[in-house]
Amino acid sequence: MNSTVSDSVLTAFDLSDVGSSDLRAFGNGHINDTFFIEKKGVILQRINTRVFPQPDELMDNIVRVTSFLKEKIKKRGGNPDRETLTFIPTREGKYYFADTDNSCWRLMKYIGDTVSYEKAENKMFFRETGLCFGSFIDDLSDFPASTLHEVIPDFHDTSSRYRQFMKALEKDRKNRVKKVKNEIEFLTEREFYSHFFNRSEFPLRVTHNDTKLNNILIDGKTGHGICVVDLDTVMPGFAAHDFGDGIRTGACTANEDERDISKVSLDFDMYRAFYEGFTDGAKRTLTDKEISTLPDGAMVITYEQALRFLSDYLNGDIYYKTDYGEHNLVRTKTQIALLSDMDEKSPAMRQI
Ligand code: ADP
Ligand code: GN1
Ligand code: MG
């Protein structure tokens, strides 16, 4: 087999007749490695165990959440194989396989005739994306949240992200601090964002926590959002964070790694479209207070993402996949440009 996927992985999942030419690298995620095997109609994924060191807990969360969702989808007459992920166990009945080099792999059904976007193509698709992420929160509102493992502790605890940023500054492992004085100043001046979401003030819900636009599959024929993917970070969290990451990735006029920051701003029409979809999807669950803080979620998550990208740059690019040396710095700059624009537009964001 090729250097990426060993024969033992394929044998474990009963895919022995699959050859290296059948594996197509898929998607643009920053964490896992995803392969599409068209002739079997499946997606094979290598779990990034540096980010998710407990694959047992990770898969336990995901399998229980998808089983729960499948029951809901069946009850409302939907298609449980299309509207949520279906994981396929190994021949030994486990939901992941650990290779001899300690890579962990999982297999799921490919959901066909769908597309996912890196950038929102139009308002209709983006409203659908908001609707899917909002409905996800509604569907999981009666899932026993306390039984979920915290697979990445303090994932969206922005003050903890701020402390990690301070540590990265202090260590300055790659001697890069001197190159990013302006970015550091921008982020330290806005430290107040890291305290906005206080755990005791807002209800903890079962949230997705990685609501990037490309984590929604849109039906290629109808244009409707049908499935929420990338369930690794489903954990208790705040609805405003899910709203915020959707806006950060989908209502931005440029890609997350656009080098020309003059192209980066908040597209207000897209903002409104996502807001309408999200609040419609989660209408049975969200309180007025949660709804009133959705714009703050967009700003806090964009701020947090700038902290995370810059910390990774200072630490020597050890967390996110990067394509070139300054990739994390470029990503930081787009987050800063987007946040600056949101700062200006926040009165209008609050008015909707
Ligand atoms: P990562 O954690 O690296 O972001 P994802 O689980 O999001 O990985 O998968 C990467 C991409 O693969 C997604 O953005 C989506 O486009 C596509 N994808 C993932 N799972 C499926 C699936 N079951 N069916 C069809 N496409 C999928
Ligand atoms: C990662 O895996 P992906 O690309 O969907 C990251 C998110 C970040 C995002 C930034 C587990 O998401 O938290 O917001 O990159 N996932 C994890 O693009 O850290
Ligand atoms: Mg993803």
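What the table shows:
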{"quantity": "All positions within segment 324-344 that are surrounded by fewer than 23 Cβ atoms within 10 Å (Cβ to Cβ), without any contact (Cβ under 8 Å) to a residue 60 or more places away in the chain and more than 15 Å from Asp267 (Cα to Cα)", "calculated": "Tyr324, Gly325, Glu326"}
{"quantity": "Any hit, segment 312-332, residues being in contact with a Gly (Cβ under 9 Å, 6 or more places away or on another chain), in a helix (DSSP H, G or I) and hydroxyl-bearing (Ser, Thr, Tyr)", "calculated": "no"}
{"quantity": "Selection status of Arg173, over 21 Å from the mean Cα position of the chain (by Cα) and either open to solvent by 30 Å² or more (accessible area, probe 1.4 Å) or among the polar types (S, T, N, Q) (or both)", "calculated": "yes"}
{"quantity": "Filter result for Phe13 (surrounded by 16 or more Cβ atoms within 10 Å (Cβ to Cβ), within 16 Å of ligand 1 (Cβ to nearest atom) and either free of Cβ contacts under 8 Å to residues at least 24 places away in the same chain or farther than 27 Å from Ser135 by Cα (or both))", "calculated": "yes"}
{"quantity": "Of all residues making up segment 195-234, the number that are open to solvent by 10 Å² or more (accessible area, probe 1.4 Å), more than 12 Å from ligand 3 (Cβ to nearest atom) and closer than 24 Å to Arg163 by Cβ", "calculated": "9"}
{"quantity": "Some residue of segment 259-272 being within 29 Å of Asn61 (Cα to Cα), of a type outside the set (Ser, Thr, Tyr) and either assigned to a helix (DSSP H, G or I) or open to solvent by 20 Å² or more (accessible area, probe 1.4 Å) (or both)", "calculated": "no"}
{"quantity": "Matching entry among Phe202, Phe165 (being of a type outside the set (Val, Ile, Thr) and either touching a Leu at 6+ places or on another chain (Cβ under 9 Å) or not in a loop (DSSP other than H, G, I, E, B) (or both))", "calculated": "Phe165"}
{"quantity": "Residue list for segment 16-43, restricted to those being among the acidic types (Asp, Glu) and either more than 16 Å from ligand 1 (Cβ to nearest atom) or in a helix (DSSP H, G or I) (or both)", "calculated": "Asp17, Asp22, Glu38"}
{"quantity": "From Thr129, Thr211, residue being touching a residue at least 24 places away in the same chain (Cβ under 8 Å) and part of a helix (DSSP H, G or I)", "calculated": "Thr129"}
{"quantity": "Unmet criterion (only one of (1) under 21 Å from the mean Cα position of the chain (by Cα); (2) open to solvent by less than 20 Å² (accessible area, probe 1.4 Å)) for Val180", "calculated": "(1)"}
{"quantity": "Residue among Glu304, Glu256 that is open to solvent by less than 10 Å² (accessible area, probe 1.4 Å) and within 11 Å of ligand 2 (Cβ to nearest atom)", "calculated": "Glu304"}
{"quantity": "Residue in segment 159-170 that is closer than 30 Å to Thr66 by Cα, touching a residue at least 40 places away in the same chain (Cβ under 8 Å) and open to solvent by less than 70 Å² (accessible area, probe 1.4 Å) present", "calculated": "yes"}
{"quantity": "Among residues of segment 92-138, those that are within 30 Å of Asp14 (Cβ to Cβ) and either open to solvent by 50 Å² or more (accessible area, probe 1.4 Å) or not β-branched (Val, Ile, Thr) (or both), counted", "calculated": "23"}
{"quantity": "Residue in segment 24-34 that is farthest from ligand 3 (Cβ to nearest atom), counting only those that are touching a helix residue (DSSP H, G or I) at 6+ places or on another chain (Cβ under 9 Å) and open to solvent by 20 Å² or more (accessible area, probe 1.4 Å)", "calculated": "Arg24"}
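The values are calculated or read from the model by the stated rules, or taken from the named source; none is laboratory data. In this text the structure is predicted, and so the values were computed from the model without any measurement. Methodologically, a virtual Cβ is constructed for each residue, glycine included, from the backbone with ideal geometry; neighbour enumeration extends over all protein chains shown. Each accessible area value is taken on the protein alone, full model and side chains, heavy atoms only, with ligands, DNA and RNA left out. Shrake-Rupley method; radii C 1.70, N 1.55, O 1.52, S 1.80 Å.
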